[in-house]
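Everything below concerns the one structure shown next.
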Amino acid sequence: QVQLSESGGGLVEPGGSLRLSCVASGSIYSIDAMGWYRQGPGNQRELVAAIKSGGSTNYADSVKGRFTISRDNAKNTVYLQMTSLKPEDAAVYYCNAVVQLTSGQSQLGSWGPGTQVTVSS
């Protein structure tokens, strides 16, 4: 099993910035793609940004130009730098990863508790 633990959320004013972090742990051999998701009240969970092992990235249209995803492969960690935050960015942010286990299997990680981002003045 692969566990994910998010951190870095909080309360920020519109226009502000936050940096989220997520660490993957478990019987990990390597990590393929890593991604950040969010779920606002009454909404479905949506993909915000993803990054592959080679570094290629993709973003939801709503965050392009404002959010930047990055990863530290040595630390099994993915980051989400969020700038110019808007009230509509408020949500619980989750990360996940497609992991190659030491057993040779490929697995999607178990969802962590997420980290709350609140954007309000």
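How many of the residues making up the stretch 64-78 are open to solvent by less than 70 Å² (accessible area, probe 1.4 Å) and farther than 20 Å from Leu4 by Cβ?
1
Cβ-Cβ distance below 8 Å, separation of 6 or more or different chains: which pairs start in the stretch 21-46 with a residue that is more than 17 Å from Leu101 (Cβ to Cβ) and among the small types (Gly, Ala, Ser) and end on one that is open to solvent by 70 Å² or more (accessible area, probe 1.4 Å) and not in a strand (DSSP E or B)?
The qualifying pairs are Gly40/Glu88.
So how many residues does the stretch 79-121 have that are over 27 Å from Leu11 (Cβ atoms) and open to solvent by 70 Å² or more (accessible area, probe 1.4 Å)?
Within the stretch 79-121, residues that are over 27 Å from Leu11 (Cβ atoms) and open to solvent by 70 Å² or more (accessible area, probe 1.4 Å) number 5.
For the stretch 34-60, which positions are surrounded by 15 or more Cβ atoms within 10 Å (Cβ to Cβ) and within 11 Å of the chain's Cα centre (by Cα)?
Met34, Gly35, Trp36, Tyr37, Arg38, Val48, Ala49, Ala50, Ile51, listed by residue number.
The values are calculated or read from the model by the stated rules, or taken from the named source; none is laboratory data. Remember, predicted model here, so these are calculated numbers, not experimental data. Don't worry about glycine lacking a Cβ; one is built from the backbone with ideal geometry, like all the others, and counts go over all protein chains shown. Each accessible area value is taken on the protein alone, full model and side chains, heavy atoms only, with ligands, DNA and RNA left out. Shrake-Rupley method; radii C 1.70, N 1.55, O 1.52, S 1.80 Å.
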